[in-house]
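The structure appears right after this line, and notes come after that.
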Amino acid sequence: MNSMDPVSTIVWIVSFVVVTVTVTGLSRRVGWSAPVVLVVVGAIASFIPGVPQVALEPEVVLFGLLPPLLFAAAIQTSVVDVRARRDGILLLSVGLVVFTVVVVGLTTWLVVPAITLAAALAFGAVVAPTDTVAVTAIAGRGHLPRRLVTVLEGESLFNDATALVALNATIAAVVSVVNPWAIAGDFVIAVVVGIGMGLVVGWALSLIRRQLRSPVLDTSLGLITPYLAFIPSQFLHGSGILSVVVAGLYLGYRSPAIQTAEARIAETINWRTIEFLLENAVFLFIGLELSSILNSAFRSGITVAETIWISIAVLIALFLARLLWMVGTTALYRYGPQRLRERGWTWPTGIAVSFAGIRGVVTLAAVFLLPEETPHREFLQLLAFVVVVATLLEGLALPWVIRRLRLPPPDFAQEASEMQRLLAEAQSAGLEHLESQVTGDEDDRVIERLRINAVFLSDALENPTPDDTEDPPIEYSRLRRSMIVAERQAVLDARAEGRYQEAAVRSVLAFLDAEESALKAGGSEGKKLM
């Protein structure tokens, strides 16, 4: 923003958060895409007098905002799913990025007047990576198949590192002569150091967090974890982005073994809040930049008609690059080695992935990294903005494409049943442990209550319910949740009558909330959270 006094800055920051929360909430309520609406609102606001000019500093985005965003996504991503789909993720996050750099770079070189090949390839690297924030925001709306979501999220988590390495190499080519072998060496170093540092940081923090019993201390350490992984990796010429993703995946996987339940709940809520604010704020930032981008682009000397034609050509090249790569990838899965054919990757899946090439804040931040001597630098910034908005609009068609392709949606009923049966198994294991710990000195009423609850769910597991009746664990969950509603109201009534201290009231309400959340996660309402 333009320089302002501290009070004005605080006012604008508060206003920014209020607008972000309000627009996102209203968009979700009416079923619109929040990222697209935020971009539109920001673009309109950028032309309103009095609204400060916003200029996204690329270093702030790439080194300040991106690490926590990627970490928040990584800790919620299943390592098991990523490992199962690693070949597809690798093909997209590395192979497709390189292919896109070449195709879009050559197209830009042909259609933009007086641009050098190095600058055109640099622009190809700018628009090559999909955006994890945008993909998650769009994909979360369509009840997409689990396999497809895993591949798309895995791609968007890892392709930033590939694209930024390619961008650094092409920027070096813009300002000087580069050695192709040096580029290959830099890429290998970035990947090896990035993965290694991510594992080291994840392992070290897992040892430390295992010793922390205070959720406040644990959460405080968690908040700086993205930067603990990012900074040393960048210092050692590795990919800081890759380090953050690897550390997030590692810690997310190890979380049940190294954190207390309270720490996990606190961390989940905190990172969801941070992710919500940052991921929606960046779209508003993108829109707010439109005015300044247009003002700079008008000085490039390229006419409006030429801008339209160039934008269309680049967008077609971008889409065709992804489509052609997916055709080749799908053919490899269908007719390649036996190991790949067993993956069950179908042509409809390949087509769906082709429509998920959504770009976001990484593209817009990366284009500002182009050096001042880049030909038509301001015009390329406008072109990057056009790519981001156009691919966001393309992403809106993804749920419709999924329906037309008849790809199977997630089986929420099966997932809920599996959760309930897993819970029953856990209860059975708990019952066995209880019997081994009983000494005979305990209160019989306590032991009997523990046995009743555990035996009930264990019996339900061993004696499945007939198909025409409701599973006892599900029925138990439903009835227990209805009891919790009444129990919560009784607590609130007692609070209103002033019969208990507030500390006791809050403790009981927190207990009921935790139990209700667990029941919802394992019951029919779990699908609303997926």
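The values are calculated or read from the model by the stated rules, or taken from the named source; none is laboratory data. What you are looking at is a predicted structure, and each value in this text was computed from that prediction instead of being measured. Glycine gets a Cβ as well: all are built from the backbone with ideal geometry, and neighbour counts include every protein chain shown. These area figures cover heavy atoms from the full protein model, side chains too; ligands, DNA and RNA do not enter into them. Shrake-Rupley method; radii C 1.70, N 1.55, O 1.52, S 1.80 Å.
Give just the number: which of (1) assigned to a loop (DSSP other than H, G, I, E, B); (2) farther than 29 Å from LEU91 by Cα does ILE293 not satisfy?
Single failed check for ILE293: (1).
So, in segment 56-75, exactly how many residues are outside any helix (DSSP H, G or I) and surrounded by 16 or more Cβ atoms within 10 Å (Cβ to Cβ)?
Start the filter on segment 56-75 by keeping residues that are outside any helix (DSSP H, G or I), which leaves 56-57.
Restricting the remaining residues to those that are surrounded by 16 or more Cβ atoms within 10 Å (Cβ to Cβ) gives 56.
The qualifying residues number 1.
Scan segment 82-115 for residues that are open to solvent by 10 Å² or more (accessible area, probe 1.4 Å), in a helix (DSSP H, G or I) and farther than 29 Å from GLY248 by Cβ and jot them down.
Passing the criteria: VAL102, VAL103, LEU106, THR107, TRP109, LEU110, VAL111.
Restricting attention to segment 395-410, and to residues there that are of a type outside the set (A, V, I, L, M) and either touching a Gly at 6+ places or on another chain (Cβ under 7 Å) or part of a loop (DSSP other than H, G, I, E, B) (or both), which single residue is surrounded by the fewest Cβ atoms within 10 Å (Cβ to Cβ)?
Taking segment 395-410 and keeping what is of a type outside the set (A, V, I, L, M), we get 395, 399-400, 403-404, 406, 408-410.
This time we only want the ones that are either touching a Gly at 6+ places or on another chain (Cβ under 7 Å) or part of a loop (DSSP other than H, G, I, E, B) (or both), so: 399, 406, 408-410.
Details: PRO399: 16, ARG406: 7, PRO408: 10, PRO409: 12, PRO410: 15.
Per the criteria, the residue is ARG406.
Is there any pair with a first residue in segment 152-167 that is under 21 Å from ALA384 (Cβ atoms) and touching a residue at least 40 places away in the same chain (Cβ under 8 Å) and a second that is aromatic (Phe, Trp, Tyr) and assigned to a helix (DSSP H, G or I) whose Cβ atoms are under 7 Å apart and which are 6 or more apart or on different chains, and what are they?
VAL165/PHE187
Tell me the residue from LEU278, LEU318 that is more than 30 Å from LEU205 (Cα to Cα) and either assigned to a helix (DSSP H, G or I) or open to solvent by less than 60 Å² (accessible area, probe 1.4 Å) (or both), please.
Values: LEU278 fails: more than 30 Å from LEU205 (Cα to Cα).
Answer to the check: LEU318.
Taking only pairs six or more apart or across chains, which ones have beta-carbon atoms under 8 Å, a first residue in segment 272-293 that is touching a residue at least 24 places away in the same chain (Cβ under 8 Å), and a second residue that is among the aromatic types (Phe, Trp, Tyr)?
Going by the 8 Å Cβ cut-off, the qualifying pairs are ALA281/PHE16; LEU284/PHE16; ILE286/PHE385; GLU289/PHE385; LEU290/PHE47; LEU290/PHE385; SER291/PHE47; ILE293/PHE385.
If ALA460 passes every condition in (1) open to solvent by 90 Å² or more (accessible area, probe 1.4 Å); (2) at pLDDT below 75 but one, which one does it miss?
That leaves (1) as the condition not met.
Out of all the residues in segment 479-505, which are modelled with pLDDT under 75, within 36 Å of the chain's Cα centre (by Cα) and open to solvent by 70 Å² or more (accessible area, probe 1.4 Å)?
LEU479, MET483
Give just the number: which of (1) out of contact with any Gly (no Cβ under 9 Å at 6 or more places or on another chain); (2) modelled with pLDDT of 80 or more; (3) surrounded by fewer than 23 Cβ atoms within 10 Å (Cβ to Cβ) does LEU380 not satisfy?
Condition (3) is where LEU380 drops out.
Which count do you get for residues in segment 424-443 that are modelled with pLDDT under 75 and open to solvent by 80 Å² or more (accessible area, probe 1.4 Å)?
Matching residues across segment 424-443 total 1.
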